[in-house]
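The structure under discussion appears below in the form of C-alpha cells.
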Amino acid sequence: MIVLLPPSETKAAGGTAEPLSTASLGFPGLAVARSRALAALDRLVAAGQDVSTPAKARAAADNAAVRDAPTMPAIERYTGVLYDALGAASLDADARDWVDAHVVIQSALLGFVRASDRIPAYKVSEHTRLPGERMRDLWSGAGDAIEGFALDLRSKAYAALAPVTGAVPVEIVSPEGRALNHWNKAGKGALVRSLAEAGVEAPSVDALVAWAASAGVPLTRAEGGLRLVVQDPRLVAAR
C-alpha cells in the first residue's frame, strides 16, 4: 500500500544531510522531469525573484540555494496542519519505518518523493510559473511511477497535476456530511498516523476498510472512493 500526500507551502528550514542528489531519490523514472524542473528553477532565480517581504526573501534564498543547501527527510521538511497532525518526529521506530516505506509526497519541484528522501527547502508550488516549462507537462506522466494499491490523500489540484490510475481518494467530512477545511488536513494527517502506529498492510480497499472497522476508525466506502468522518482529528486515532 502507498499513501499519497500533497506537499505543503510551509517547510522547515535547514537540514543536516548532504545537498540534493536527484540520483538518490525514489522513483528514478522521474529523473528527466526533475532535471527539467530544476533547470527551469535556475532560470527563475537568474531572472530575479520578488524579495519585497521577509517571507518572499526567504523563499527566493531557498530557491537560489536549492542545489547546495543541506537536506532532510521529506516527511520532516514539510510542515503545516497535515504534517503536524501526522507528527512524524514523535512516532516510535516501527511507525516511522512504516511511514518511510509507505508514504509518498508529491513535490511540484521533484515529483513524487518517498518520505525518507532527503530534499532541500524550496518555494515552488503547482501555481509557480517556471520559465520554459508547464507544471502539467512536467508531471502529467509521473503517476505511472506509482504501483499497487494507492490511498490518495492529495488535494484535487495535485491529483490533477499527476493522475495516478486506480488511486483511491478519501473525502473528509463532518458527522453531518459537510466538507471540511482545516479539519480536512488534520484528519488526513491523523489517519496516516493511525495507519503507521498500527503498521497496516492493506493490499486493497476492502482490507483497509476492514482494518478501519476493527480499529474504530471512521473510514468507510463512499461513491468514488472512501469517506473519513472527522469532527476532531483525535477521533481518527485507532482505539
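What tally of residues in the stretch 164-200 results from selecting those that are polar (S, T, N, Q) and in a loop (DSSP other than H, G, I, E, B)?
Count: 3.
Kindly list the number of the only condition in (1) in contact (Cβ under 8 Å) with a residue 60 or more places away in the chain; (2) under 14 Å from residue 37 (Cα atoms) that fails for residue 137.
(1)
Touching a residue at least 12 places away in the same chain (Cβ under 8 Å) and either surrounded by 13 or more Cβ atoms within 10 Å (Cβ to Cβ) or assigned to a loop (DSSP other than H, G, I, E, B) (or both), is that true of residue 227?
Taking the combined requirement at face value, the residue satisfies it.
Can you tell me which of 136, 178 is more than 19 Å from the chain's Cα centre (by Cα), of a type in the set (Lys, Arg) and surrounded by fewer than 18 Cβ atoms within 10 Å (Cβ to Cβ)?
Of the residues listed, the single one that is more than 19 Å from the chain's Cα centre (by Cα), of a type in the set (Lys, Arg) and surrounded by fewer than 18 Cβ atoms within 10 Å (Cβ to Cβ) is 178.
Could you list, in sequence order, the residues of the stretch 86-110 that are assigned to a loop (DSSP other than H, G, I, E, B), more than 14 Å from the chain's Cα centre (by Cα) and of a type outside the set (A, V, I, L, M)?
92
Mind checking whether some residue in the stretch 16-27 is at pLDDT 95 or above, surrounded by 14 or more Cβ atoms within 10 Å (Cβ to Cβ), touching an Asp or Glu at 6+ places or on another chain (Cβ under 9 Å) and over 30 Å from residue 168 (Cα atoms)?
The answer is yes; a qualifying residue exists.
Out of the residues in the stretch 151-163 meeting the condition of being surrounded by fewer than 22 Cβ atoms within 10 Å (Cβ to Cβ) and part of a loop (DSSP other than H, G, I, E, B), tell me which one is modelled with the lowest pLDDT.
155
When only residues in the stretch 201-216 that are in a loop (DSSP other than H, G, I, E, B) and open to solvent by 10 Å² or more (accessible area, probe 1.4 Å) count, which is nearest to residue 167 (Cα to Cα)?
Restricting to residues being in a loop (DSSP other than H, G, I, E, B) and open to solvent by 10 Å² or more (accessible area, probe 1.4 Å), the top hit is 204.
Could you say which residue among 62, 68 is surrounded by fewer than 17 Cβ atoms within 10 Å (Cβ to Cβ) and charged (D, E, K, R)?
Matching residue, one of 62, 68: 68.
Give the residue, chosen from 161, 130, that is farther than 19 Å from residue 1 by Cα, out of contact with any Leu (no Cβ under 8 Å at 6 or more places or on another chain) and among the hydrophobic types (A, V, I, L, M, F, W, C).
From the options 161, 130, the qualifying one is 161.
I'd like the full set of residues that are within 22 Å of residue 17 (Cβ to Cβ) and not in a helix (DSSP H, G or I), limited to the stretch 47-85.
65, 66, 67, 68, 69, 70, 71, 72, 73, 78, 79, 80
In the stretch 11-46, how many are farther than 18 Å from residue 127 by Cα, among the small types (Gly, Ala, Ser) and part of a helix (DSSP H, G or I)?
Of the residues in that region, 6 qualify.
The values are calculated or read from the model by the stated rules, or taken from the named source; none is laboratory data. None of the values given here were measured: they were computed from a predicted structure. Note that each Cβ is placed from the backbone with ideal geometry, even for glycine, and that neighbours are counted across all protein chains shown. With ligands, DNA and RNA removed, areas are computed over all heavy atoms of the protein, side chains included. Shrake-Rupley method; radii C 1.70, N 1.55, O 1.52, S 1.80 Å.
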